[in-house]
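Okay, so here's the structure we're looking at.
The values are calculated or read from the model by the stated rules, or taken from the named source; none is laboratory data. Just so we're clear, the structure is a prediction, and the values are computed from it rather than from any experiment. Cβ placement follows ideal geometry from the backbone for every residue including glycine, while neighbour counts extend to all protein chains displayed.
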Amino acid sequence: MKVILIILIIGYVVYVNSLAIQSKNDDTDNNEHKRRKRYLGLNKRYKLNKLYEECVAPGDNKGHCKHLSFCPLDVLKSTGNSLDYLCVIEKTHVGVCCPDDIAVNSYAGSQIIMNLPAGGNDYDKDDNVTGCGIPLMGRSEVATKSTSIQEWPWMAALYRPKQMMEGSEQQFCGGALITDTHILTAAHCTQGLTPKDIRVRLGEYDFAKRNETRALDYAVSQIIEHEEFVLATYANDIAVLRLEKPTSFNSYIWPICLPPRRRKYEKETVVVAGWGQQFYSGPLSQVLLQVAIPVWEHKKCVDSFIQTITDDNICAAGYEGGKDSCLGDSGGPLMYQLENGRWVTIGVVSWGVGCGNKESPGIYTKVSNYLPWIIKNTIAK
């Protein structure tokens, strides 16, 4: 065992050194590609952000072994003897003993925050108290069109302060809360806008009723659009908004999970929600609406459009029409409930031809294809 640990430590040092070298050269496409692969390239078997065996963290605090990329505290730099806090993950990789409560180290946060963003499969089935994507008691049937106040607590509404104040606009796009400071949305929603042009409202349900849900508004400090987003084709239509200050979690505001990496959802029933148009060219909904729709087979979707549909897309809508996302829903999450009860965002509302047309599904950005990019632009920063 000692021999294995020594080999792993040597390998770990080489790995850290290689990252340091890459950080000086990440302007090149080749190095950037390698760095992205390493972020989630631990092994396809591993969960996105998981706690492994218990250990003693710096300051004699209780901790768990985690992959270095997912520990907000830089254990190796903050301690005198960093080797004391290395640990072995499933006999294969070297991790660090990360404190369970980073608040004890003068870092803002808590157990749930430090483990975000996280994947829906990062939790055991009997763990229904902490973590992302937890369904609330009394959830209504997803086939109904209206929602309950606390049903989708990760929904974010993006609005422009000036237009909202003038009464000319309610909200122009949606999004999904994935950490205490990050909103996942669509890149086409943020094109041409600066952080000061956008506000994010969390915990909203009915725009017509004030103080109904303790909704909170947040300024945006940074807009991170995918660097390969193409407005003409909506390729790589995904973006992350960083809030100026962290939100707090409660029954109205809660993060959703990220999806498994290689799972397919064809013919599965999923849910899309938003305050968008109630029908094509119709009025926006003041109340959060939802609709349950099937995910189309990819080939059937490709055959339905003259526009290019790629493997980075998910297609979903009612086969007979009438059930679809619409204008104003852009950026919002396409949601699926895993077997362990966690809700994950498998898609981001991107585009479509009209709304609810027969044989013309809505097009969504496939979130699982962008997990390395999301990690790079949330926890890695």
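Among the residues of region 140-162 satisfying the criterion of being closer than 21 Å to LEU216 by Cα and among the β-branched types (Val, Ile, Thr), which is modelled with the lowest pLDDT? Full working, then the answer.
Here is the first cut: in region 140-162, the ones closer than 21 Å to LEU216 by Cα are 147-162.
Going one step further and asking which of them are among the β-branched types (Val, Ile, Thr), we end up with 147, 149.
On the way: THR147: 57, ILE149: 62.
Here the residue is THR147.
Of all the listed residues (TYR370, TYR364), the sole one being part of a strand (DSSP E or B) and under 16 Å from ALA186 (Cβ atoms) is TYR364. The residues on offer are MET137, MET165, and the sole one that is at pLDDT below 95, surrounded by fewer than 17 Cβ atoms within 10 Å (Cβ to Cβ), out of contact with any helix residue (DSSP H, G or I) (no Cβ under 6 Å at 6 or more places or on another chain) and not assigned by TED's automatic domain parsing to the domain that holds ALA208 is MET137. Please verify whether VAL349 is closer than 17 Å to THR233 by Cα and either without any contact (Cβ under 8 Å) to a residue 60 or more places away in the chain or in contact with a Ser or Thr (Cβ under 8 Å, 6 or more places away or on another chain) (or both), treating the condition exactly as stated. Against the criterion (closer than 17 Å to THR233 by Cα and either without any contact (Cβ under 8 Å) to a residue 60 or more places away in the chain or in contact with a Ser or Thr (Cβ under 8 Å, 6 or more places away or on another chain) (or both)), VAL349 qualifies.
Note on region 42-60: residues that are at pLDDT 80 or above and either within 23 Å of the chain's Cα centre (by Cα) or surrounded by 17 or more Cβ atoms within 10 Å (Cβ to Cβ) (or both) total 4. Counting residues in region 354-369 that are in contact with a helix residue (DSSP H, G or I) (Cβ under 9 Å, 6 or more places away or on another chain), among the hydrophobic types (A, V, I, L, M, F, W, C) and surrounded by fewer than 20 Cβ atoms within 10 Å (Cβ to Cβ) gives zero.
Per-residue answers, yes or no, for (1) aromatic (Phe, Trp, Tyr); (2) within 17 Å of ILE178 (Cβ to Cβ); (3) out of contact with any helix residue (DSSP H, G or I) (no Cβ under 8 Å at 6 or more places or on another chain):
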site	(1), (2), (3)
VAL230	no, no, yes
ASN236	no, no, no
ALA239	no, yes, no
TRP254	yes, yes, yes
PRO259	no, yes, no
ARG262	no, no, no
VAL270	no, no, yes
GLY276	no, no, yes
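Among residues of region 237-260 that are under 18 Å from LYS376 (Cα atoms), those with a beta-carbon under 7 Å from a residue that is of a type in the set (Asp, Glu) and part of a strand (DSSP E or B) at least six positions away or on a different chain give the pairs ALA239/GLU225.
Residue check: is LYS358 touching an Asp or Glu at 6+ places or on another chain (Cβ under 7 Å) and either in a helix (DSSP H, G or I) or modelled with pLDDT under 95 (or both)? When the stated conditions are applied, LYS358 passes them. Checked against (1) crowded, with 23+ Cβ neighbours inside 10 Å; (2) in a loop (DSSP other than H, G, I, E, B), GLY322 meets all criteria but (1). Does TRP254 satisfy the condition of being farther than 25 Å from MET164 by Cβ and in contact with a strand residue (DSSP E or B) (Cβ under 9 Å, 6 or more places away or on another chain)? No.
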